[in-house]
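A.B. asks: Take this structure first; my questions come after.
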Amino acid sequence: MAEAVHTTMEHPASAHAALQHHFENMEQQREAGTLGMWIFLVTEIMFFGGMFMAYILYRSYNADAFAAASNRLNVTMGFINTIVLICSSLTMALAVYYSQVGKRKMIVVMLILTMMLGTTFLVVKAFEYYDKYEKSEIPGRLFPSRPFNWYAEEEHGKQVTQEPARDAATERNPQAVPTGQEQKPDASFASRAEMFFFIYFAMTGIHALHMVIGIGMLIVLTIMAWRDRFSPEYHSPVELGGLYWHFVDIVWIFLFPLLYLLGAHGISGGH
Amino acid sequence: MIDAASMGGDLPVVPPKDNYINRAYSIKSWLLTKDHKRIAILYLITITFFFFLGGAFAVMIRLELLTPASDLVQPETYNKFFTMHGVVMIFLFLIPSVPATLGNFLVPLMIGAKDLAFPKINLLSWYILVIGGIFILYAVVAGGVDTGWTFYTPYSSTYSNTYVMAAAIGVFITGFSSILTGLNFIVTIHTMRAPGMTWYRLPLFIWSHYATSLIMVLGTPVVAVTILLVGLERVFRVGIFDPAIGGDPILFQHLFWFYSHPAVYIMLLPGMGVISELITAFSRKNMFGYKFVAYASLGIAIYGFLVWGHHMFTSGQSIYGSLVFSFLTYFVAIPSAIKVFNWTATLYRGSISYDTPMLYALGFIGFFLIGGTTGLFLAAIGLDIHVHDTYFVVAHFHYIMVGGTVMAYLGGLHYWWPKLTGRMYPEGWARLSALIIFVGFNLTFFPQFVVGYMGMPRRYAAYPDDPVWQMLNVLSTAGASILGAGYLLPMVYLPWSMRYGKYAPSNPWGATGLEWQTTSPPPTENFEETPVVTWEPYEYRPREEKVVVNKILPTD
Ligand SMILES: [Cu+2]
């Protein structure tokens, strides 16, 4: 690279191989990396914050529909996934620890374990999504053959009991307009439940996307660890990866109670 | 002009043998560069293109409004023109304008660093802007967008049949460019300052970029997720902001303005940083109330997040909410006024020279004063309901965006042009264009205050056939032609000067600041050796006096 050949500002030969040309020393480089990752996580908080805002507002508008729709999620699967992610946070933390003390094999083992747990989470999530597809609970007309249908099970002869009877009156009235000073929406029960599923898919989908990116990052870290790139003097990539992974876990720790547990009528998941 | 001594006397100026421009010449050495200075040049070229693209739409708008009837283009086409003018100008020019070009170039130089903390991320941010720009260009070429730059739901999500998706994806992508720039600046300013460069020795340019970066990293993700939700709405074909399923279109406005009001300060604060540098350099004085100006930047950034509701007085938000937002909006005038007063106080008894950058700086102060005080009119709920969505609002924010940001951008570009290119721009032509821009700008936008106050709404291709209204609109269009000529002039003489301009010395203005202590243009590593800072910011008072005073005897 042409930019790097200049001699006057080169680091002395004693400098660490991983020291980039524009930093004075490893300490400064590590500090910059850590601060950068924390600021990135702040932007992530703001990003998810917009969706949490939508969730809070719409839950307060549509508490009954949200509770009923939330009951259709599989709490058992959500619970298993929560445990899986907490375990993956432990293995990630251990990977960081072993990188600090410089045990190459243990870093690799822990990173692979973290990846496996992350993949388990995604597989369970995929089953949950497929279940929603089967039950026609994917909002809107993303799959034209299976548009959202809150009453799909009822139409198959099963009994659904959650909905209050009064909603039959406003049923199938999607053209309802806001009335009164408070602009309280006046939509049918089923379509308000559809809103819950929209938010559920948006939030868990973006969370899952972060998991996928995280696993990609873990693959890179594992290869770097395998090639013995890390040492007690230089392990900040593992540390930064750990910060990101913990953040993604924490988002799920918020999502699980908000989406699965809040207002649930029974732990069986409703059906 | 500055005295000859500080310019290196009569010695002929020779360009440095080795600098960031002549280090390598291949296209690849530019497109894969990790040098913040080269990335700044890439940004400069990119946003100049988008500035003139957005300007072309402005020309069409002004031509249509020459006559009351909608006769030049169909109203639908007009809707696309003002939308694309807004989208291109805001997301592809104003947001990256000062920070991505001058900021990118100067932040490491001013703090004595070799580069930004994350050079690869810096390059990535340019590519992201280009990719986002391509999406927006596609939307423009394919047939346009007509939602207004605000993308209000449910029009954007349900009813508009134009290329909303491409434009929205473009805006979503460019947001990440801005986030990465902000992140890079914050980390760089925190961790990479040269020895002795304490926080209170930082140039105010750095303080204002720090404040801007805070808004970039805190605000931009929110508008990103908002646009993402609108996009998901179009993918799922179910409206999250749609009352029919228990949603609320007002939530979109809240989320949008939560970013887009602070975004005004993303556009303005870096310009204020430029002005602080220009005012001190050309009045040969240190900044009056340095710490107040520094903290005013942070104050503006923080209060800026608490006032978004002033865009929604007529949206049906709670009147109590409006009261609070109105009050807080008045509050944000305090740090802004601190800046104006302190710039003015700095001018007082300074030895002022009217070089081109200073002309822009003085213009900025005047325009910002008018734009800012009319902002207070708009913060008053009753008056805002009267002038909401009229040309009064259009004139107000153009005084801030064009009269503020663009003036600061051009002033800064001239001031640091010798540092960027190693050549001087032609002073006579530059002063002439600054004057043309000053006249053209006022003629364009001042009549809009009047016609807006009389009730002319924005975003309509036609207006009532009233001779006064038409006269004001004709004045505005005439002004826009003059303004356009003023903007085209630098497009001629600045590239000309890169080949034919005089070689610039290291410090042509005799200014303080580390960026003037290295060669023009600087070497790739910025400094021969890491500078050590032992002086306070803006020490324009002669050095020998300083030695006599030596901080023990009473000053002055
Ligand atoms: Cu605002």
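The values are calculated or read from the model by the stated rules, or taken from the named source; none is laboratory data. Computed from a predicted structure; not experimentally measured. Cβ atoms come from the backbone with ideal geometry, glycine included; neighbour counts cover every protein chain shown. Heads up: the accessible areas ignore ligands, DNA and RNA and are worked out on the full protein's heavy atoms, side chains in. Shrake-Rupley method; radii C 1.70, N 1.55, O 1.52, S 1.80 Å.
A.B. asks: Tabulate in residue order the Karplus-calculated ³J(HN,Hα) for the stretch B:175-189, using 6.51 cos²θ - 1.76 cosθ + 1.60 with θ = phi - 60°, rounded to whole Hz; enter x for Gly and Pro.
C.D. replies: x, 5, 4, 5, 4, 5, 4, x, 4, 4, 5, 4, 5, 4, 5
A.B. asks: Separate question: Could you list log10 I(q)/I(0) for the stretch B:306-439 at q = 0.12, 0.19 Å⁻¹, which the Debye formula gives when each Cα is one point scatterer?
C.D. replies: So the normalised log intensities work out to -0.59, -1.05.
A.B. asks: Moving to a separate point now. Counting only the backbone N, which residues of the stretch B:298-339 are under 19 Å from the spot 7 Å out from the Cα of A:L57 toward its beta-carbon?
C.D. replies: Taking a point 7 Å out along Cα→Cβ of A:L57, the residues of the stretch B:298-339 whose backbone N falls under 19 Å are B:305-326.
A.B. asks: Give the residues of the stretch A:216-231 whose amide nitrogen is closer than 12 Å to a point set 7 Å from the Cα of A:T119 in the direction of its Cβ.
C.D. replies: Of the residues in the stretch A:216-231, A:216, A:219 have backbone N under 12 Å from the label point off A:T119.
A.B. asks: A further question on this structure: What is the mean projected area of the alpha carbon convex hull for the stretch A:209-259, to one decimal in square nanometres? Can you show the working numbers first?
C.D. replies: Values: hull surface 15.1 nm².
Mean projected area of the Cα convex hull: 3.8 nm².
A.B. asks: Same structure again: Just the number please: accessible area per residue for the protein assembly as shown, 1.4 Å probe, all protein chains included, in Å².
C.D. replies: Numbers: 33610 Å² over 827 residues.
Using a 1.4 Å probe on heavy atoms only, each residue of the protein assembly as shown averages 41 Å².
A.B. asks: If you don't mind, another one. With everything on Cα atoms, drop me the angle between helix B:36-64 and the longest principal axis of chain B, reported from 0 to 90° to the nearest 10.
C.D. replies: That helix lies at roughly 40 degrees to the long axis.
A.B. asks: Moving on. For the pair A:D228/B:S481, report the inter-label distance in nm, with labels modelled 7 Å from Cα in the Cβ direction.
C.D. replies: 7.6
A.B. asks: Using 1/(1 + (r/R0)^6) with R0 = 60 angstrom and r between the beta carbons of B:R237 and A:Y97, what's the FRET efficiency to the nearest 0.05? It would help to have the intermediate numbers written out before the result.
C.D. replies: Numbers: r = 48 Å, r/R0 = 0.80.
In this case the efficiency is close to 0.80.
A.B. asks: When the convex hull of the C-alpha atoms of the protein assembly as shown is computed, what volume per residue in Å³ does it have? Don't jump to the answer; show the numbers that get you there.
C.D. replies: Details: hull volume 150.4 nm³, N = 827.
Given the Cα convex hull of the protein assembly as shown, per-residue volume reads 182 Å³.
A.B. asks: Calculated FRET efficiency, B:S351 and B:L488, Cβ-Cβ r, R0 30 Å, to nearest 0.05? Working shown, then result.
C.D. replies: Numbers: r = 33 Å, r/R0 = 1.11.
E(calc), rounded to 0.05, equals 0.35.
A.B. asks: On to the next question. Holding the Cα-Cα limit at 25 Å, pick out from B:K28/B:K120; B:K339/B:K502; B:K120/B:K419; B:K37/B:K502 the pairs that are longer than that.
C.D. replies: Numbers: B:K28/B:K120 15 Å; B:K339/B:K502 35 Å; B:K120/B:K419 23 Å; B:K37/B:K502 21 Å.
Result: B:K339/B:K502 exceed 25 Å.
A.B. asks: If you don't mind, another one. How big is the accessible area of B:K502 in square angstrom, nearest 10, if you roll a 1.4 angstrom probe over the protein chains?
C.D. replies: Per-residue accessible area (B:K502): approximately 150 Å².
A.B. asks: What is the extension gain from B:L432 to B:I45, computed as 0.36 nm multiplied by their sequence separation minus the C-alpha to C-alpha distance, in nm to one decimal? Please report the intermediate quantities before stating the final value.
C.D. replies: Details: separation 387, 0.36 × 387 = 139.32 nm, distance 2.32 nm.
Stretched out fully, the B:L432 to B:I45 stretch lengthens by 137.0 nm.
A.B. asks: Compute for chains A and B the buried accessible surface, both sides summed, probe 1.4 Å, and express it in Å² to the nearest 100.
C.D. replies: 4400
A.B. asks: Work out the charge dipole of the protein assembly as shown with +1 on the Cβ of Lys and Arg and -1 on the Cβ of Asp and Glu about the Cα centre, then indicate which of B:S156, B:G510, B:H388 is farthest towards its positive end.
C.D. replies: Farthest towards the positive end: B:G510.
A.B. asks: Can you give the angle from 0 to 90° between the axis of helix B:391-400 and the longest principal axis of chain B, with both taken from C-alpha atoms, to the nearest 10?
C.D. replies: For B:391-400 against chain B, the angle is about 20 degrees.
A.B. asks: Summing +1 for each Lys or Arg and -1 for each Asp or Glu, what net charge is found among the other residues whose Cβ lies under 15 Å from the Cβ of B:H310?
C.D. replies: Numbers: positive: none; negative: B:D384, B:D389.
Overall, the nearby charge balance is -2.
A.B. asks: At what distance in nm do the modelled label points of B:T373 and B:V13 sit from each other, each positioned 7 Å from its Cα along Cα→Cβ?
C.D. replies: 3.9
A.B. asks: Once you have the Cα-Cα distance between B:Y159 and B:A142, take 0.36 nm times their residue separation minus that, and quote the gain in nm to one decimal.
C.D. replies: Contour length minus Cα-Cα distance gives 4.3 nm.
A.B. asks: Same structure, new question: Taking the stretch B:8-114 as the region of interest, what is the percent of Cα-Cα pairs per 5 angstrom bin, listed from the shortest bin to the one with the maximum distance?
C.D. replies: 2, 11, 14, 13, 13, 11, 9, 8, 6, 5, 4, 2, 0
A.B. asks: Run the simple label-point estimate for B:W535 and B:I385 please: 7 Å along Cα→C-beta, distance reported in nm.
C.D. replies: 5.8
A.B. asks: Moving to a separate point now. Expressed in nm to one decimal, what extension gain is obtained for the pair B:I27 and B:V468 from 0.36 nm per residue of sequence separation less their Cα-Cα distance? Working shown, then result.
C.D. replies: Values: separation 441, 0.36 × 441 = 158.76 nm, distance 5.45 nm.
In short, 153.3 nm is gained.
A.B. asks: Here's another thing I want to ask about it. To the nearest 500 deg cm²/dmol, what mean residue ellipticity at 222 nm is calculated for chain B from DSSP H runs of n ≥ 4 alone, each contributing -39,500 (n - 2.57), summed and divided by the residues?
C.D. replies: Estimated from H runs of four or more residues: -21000 deg cm²/dmol.
A.B. asks: Another question, then. For the protein assembly as shown, give the percent of accessible area contributed by carbon and sulfur heavy atoms, probe 1.4 Å, rounded to a whole number.
C.D. replies: Of all accessible area on the protein assembly as shown, carbon and sulfur atoms account for 68 percent.
A.B. asks: Let's see if you can work this out: charge +1 on each Lys and Arg Cβ, -1 on each Asp and Glu Cβ, no other charges. What is the dipole magnitude of the protein assembly as shown about its Cα centre, in debye to the nearest 20? The partial results should precede the final answer.
C.D. replies: Numbers: 48 positive and 52 negative charges, 237 e Å.
Magnitude of the dipole: close to 1140 debye.
A.B. asks: Starting from the Kirkwood radius over alpha-carbon pairs of chain B, derive D by Stokes-Einstein at 20 °C in a medium of 1.002 mPa s and give it in µm² s⁻¹. Mind dumping the intermediate values first?
C.D. replies: Values: Rh = 24.2 Å.
Rounded to a whole number, D works out at 88 µm²/s.
A.B. asks: Shifting gears a bit: Using the alpha-carbon centroid of each, what span in Å lies between the stretch B:63-125 and the stretch B:13-52?
C.D. replies: 19
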